[in-house]
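Note sheet for the following structure.
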């Protein structure tokens, strides 16, 4: 019985690095787009699933790796790409919210230190209902595709066509 | 005559079925005509009547960075943005960098192709900042910026708009048109690739436009 428990515990511990849960809220595939070392503003993306019976409202995010964090949505307005600050995001019961390139993103302002692909960034998500959720986001190189099929196709294409240079290869998990 | 009694509703049913079929075809044709185009064409390049660029000059603190002559004899893919942009700009530049890698597979293409990132935020983006920023995506990428009047003069010719958006003095956003612009070797505004951008689409559309340019239909 004990080995089984150890295996389960290990599985739980390792799985929390990509899927954390609080009061039925689960975070999937959190990642931060690697940016030039000089970049002052970065973006984090993830999916939030609400498995519970009550709406959860994301109101803020904090991280020891950044001085300031805001929630934003990229939009097309008057023929221009613009960013609208969002103060709360409702995740309905049994619903899902996706933060993805070109849309909702967690805006990470003023990194304390430059971040490189492979680094982990801890983010704490605060909900209006009083709960919080700690997630560990991986820093990755990434383009506009996020995790949709379009992106997968590109990724596979790059893999196929790349000639030893993995510089622009997007990591998918 | 029981036969006629049974055949009448039978014929009626066929008539109704035929009518429904015809209505279905008409409705289908109408719907397909009015339905939005398939998702892929959202990123289709928009070909323009090539328009010669009027003389422009971008400079920073008196140092010339870009003018018409820099575009002559090469295809240029232009993208306007700013380095404090966390989402759209790095995503687009990453896709452009991947498009560059894909185009490297096409013999001779990169020899007369240049990628240019133009910052519409000269207050925060110095040439040094820009060089580090674009160099991260691809060291071959060219960058430029200019004062507001210079940027406006160029942007206006390319139907690019930009304006300071919301946010504090240190962390303000800049709204900007996110299309990629294709300038042909005769320094003419040739095509426009609208967002969202994906490397494969950029590659395919650029190569198609290039092919048509080199062998114009007789």
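The values are calculated or read from the model by the stated rules, or taken from the named source; none is laboratory data. None of the values given here were measured: they were computed from a predicted structure. Note that each Cβ is placed from the backbone with ideal geometry, even for glycine, and that neighbours are counted across all protein chains shown.
Considering only residues that are surrounded by fewer than 20 Cβ atoms within 10 Å (Cβ to Cβ) and within 14 Å of chain B (Cβ to nearest Cβ), which ones fall in the range A:40-68? Passing the criteria: A:40, A:67, A:68.
Conditions (1) facing chain B (nearest Cβ under 9 Å); (2) modelled with pLDDT under 95; (3) under 22 Å from residue A:48 (Cβ atoms), marked per residue:
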position	(1), (2), (3)
A:104	no, no, yes
A:118	no, no, no
A:126	no, no, yes
A:155	no, yes, no
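Inside the range B:115-171, residues that are surrounded by fewer than 19 Cβ atoms within 10 Å (Cβ to Cβ), more than 10 Å from chain A (Cβ to nearest Cβ) and without any contact (Cβ under 8 Å) to a residue 60 or more places away in the chain make up a count of 9. Here the strands (runs of 3 or more DSSP E) wholly within the range A:54-144 that include at least 2 residues being at negative phi and free of Cβ contacts under 8 Å to residues at least 12 places away in the same chain are A:66-77, A:80-86.
Where in the range B:101-218 are there strands (runs of 3 or more DSSP E), lying wholly inside it, with at least 3 residues that are on the phi > 0 side of the Ramachandran plot? Outline the logic, then answer.
Values: elements: B:113-119, B:142-144, B:162-164, B:174-176, B:180-183, B:188-193.
Because the criterion is at least 3 residues that are on the phi > 0 side of the Ramachandran plot, no strands (runs of 3 or more DSSP E) in the range B:101-218 meet it.
Kindly indicate whether any position in the range B:43-52 is under 19 Å from the mean Cα position of the chain (by Cα), surrounded by fewer than 19 Cβ atoms within 10 Å (Cβ to Cβ), within 13 Å of chain A (Cβ to nearest Cβ) and closer than 22 Å to residue B:188 by Cβ. Checking the range B:43-52: at least one residue is under 19 Å from the mean Cα position of the chain (by Cα), surrounded by fewer than 19 Cβ atoms within 10 Å (Cβ to Cβ), within 13 Å of chain A (Cβ to nearest Cβ) and closer than 22 Å to residue B:188 by Cβ.
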